[in-house]
């Protein structure tokens, strides 16, 4: 076994280049012949003086021989890779139904090339279930490009990270390539970035196909449309990226520029449409752009879907736009006026943690239905927030009072009163509960003492703790239906949490705008796969998060078992490990086989 360099003439421009092959000499009836075992390609860059070390190590792996000397890390990596390709290419053609007994040396047994396949198997079956591999072929992706796209998307689901991290994972730790029949060692990092660009160019067609498939497969009813935005931050300044802008960071990363993702979902949490905005985009201004083009009922029903939104987007302009375009809506009201009559309310939720009562009111001026909701859990939260503000308010007053008798502190009466006025403005929510008196020294015109007393909260219309208001154009729904429809917004919040914490949406390391959008779109495609799996599992009462499922499935691997045979030669068996009981439960619920990939048996 040795490495041969061959000169090749390019058909494009006639230039000369070299390609490398691992060949073996064999004696035949016609004399010695050379057979190519592995094509090493034109990018093979190992120095010539190390070629003998590489070929000896490959021979040792194939024959099951342990090396007596330390092997260079790079040579060992290449040898393991090339040996596995030789084993795969020399698969035995024996009948798999015939039992194959052999005498082997148990002391020679080795287990090598362990690669994870559990999570990859579940995601690959979900991808095929949704027909994503088919639509990629229909959109002009060739075989290697489709494989790269599948690797990128499933990598984001199983091992969230950058394209660079996914590239390393596919080549060194994952068995996904074996499941789809593609060697990811042939995929360059540039190829990963290029397929991201290709996916982004076909974004509209892919999103439309996926939602159509999900609507058909799961029998989804287009009665509710959820809309919200979230943002994530960049690592770096991104000065040449038009999307990067300073804004309100939901991760509190005020030191980083942001980018915003807008998402339209149905009531089951399946994405219908997405768009990437600048990091400082104003939420209310994005609604018409995102909903524009969603025809009546998405072309499947005669009525348009009800739009459910949080208060951040529910401006009067947006409500007017929804009304003009005949979209029914249910939104969180921005009005500060709140009221609640417990006697005329009904209970819509009651458990050990929380009780929710709602009061339905018809607004005669706008012809809207107002739903005033009181939550005991929210009341505790509001009270805790108010107590914290009261604590800060009194602490500042005490500090101001103590400074009246200390050097280099505020003492002038006018300045002290100005400071108190600013303090009342800052803590306007609680300051009206206090009466504050300041004593003045008539000689020095300094303040000498500050006293305050907390009184009962005024009985105004905006001091009902735990009460929030919903407004809707739907006048004939009952209280329970309206409130349960509103709670679907929590599903949208769960989507954003999954995208950020489970699927690596943040942070973003790209500096080019299209690469940023591509990174976000790949994450969203991974979410389609994850959500379809979780949706099916929920139907059989398995409610685990994707993080838990991914951790559970990660222990199933594909391994190669090698043993020396008594009659000569070494047998190599490549197969998946037996699934654990909980893994088997997941596979059974999804209706997929429990041993990913085929068993490959080779005798060398």
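The values are calculated or read from the model by the stated rules, or taken from the named source; none is laboratory data. Bear in mind that the values here come from a model prediction, so they are computed numbers and not experimental data. Every residue, glycine among them, receives a Cβ derived from its backbone with ideal geometry; neighbour counts consider all protein chains shown.
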Revision key, fill the gap. Those residues of region 160-182 which are at pLDDT below 90 and not in a helix (DSSP H, G or I) amount to 160, 161, 162
Check your understanding: From 357, 378, 334, which residue is surrounded by 13 or more Cβ atoms within 10 Å (Cβ to Cβ) and at pLDDT below 85?
Key -> 334
Practice item. Would you check which residues across region 230-270 are at pLDDT 75 or above, touching a strand residue (DSSP E or B) at 6+ places or on another chain (Cβ under 7 Å) and within 30 Å of residue 130 (Cβ to Cβ) and list them? Key: 230, 259, 260, 261, 262, 263, 264, 265, 266, 267
**Study point:** residue 199, sole failed condition from (1) modelled with pLDDT under 90; (2) touching a helix residue (DSSP H, G or I) at 6+ places or on another chain (Cβ under 8 Å)
**Key:** (1)
Review point. Taking into account only those residues within region 43-54 that are in a loop (DSSP other than H, G, I, E, B) and surrounded by 12 or more Cβ atoms within 10 Å (Cβ to Cβ), which is farthest from the chain's Cα centre (by Cα)?
Key: 46
Point to revise | Residue match in region 558-573 (condition: buried (at least 16 other Cβ atoms within 10 Å of the Cβ), at pLDDT 85 or above and part of a helix (DSSP H, G or I)) | key: no
Review point. Within the set of pairs 6 or more residues apart or between chains, which connect a residue that is within 23 Å of residue 82 (Cβ to Cβ) inside region 20-36 to a residue that is not in a strand (DSSP E or B) with Cβ atoms less than 6 Å apart?
Key: 20/44; 24/1
Check your understanding: Could you say whether any residue in region 495-516 is at pLDDT 90 or above and within 33 Å of the chain's Cα centre (by Cα)?
Key -> no
Practice item. Output the number of residues of region 336-374 satisfying the condition of being touching a residue at least 12 places away in the same chain (Cβ under 8 Å), over 16 Å from residue 473 (Cα atoms) and not in a strand (DSSP E or B). Key: 11
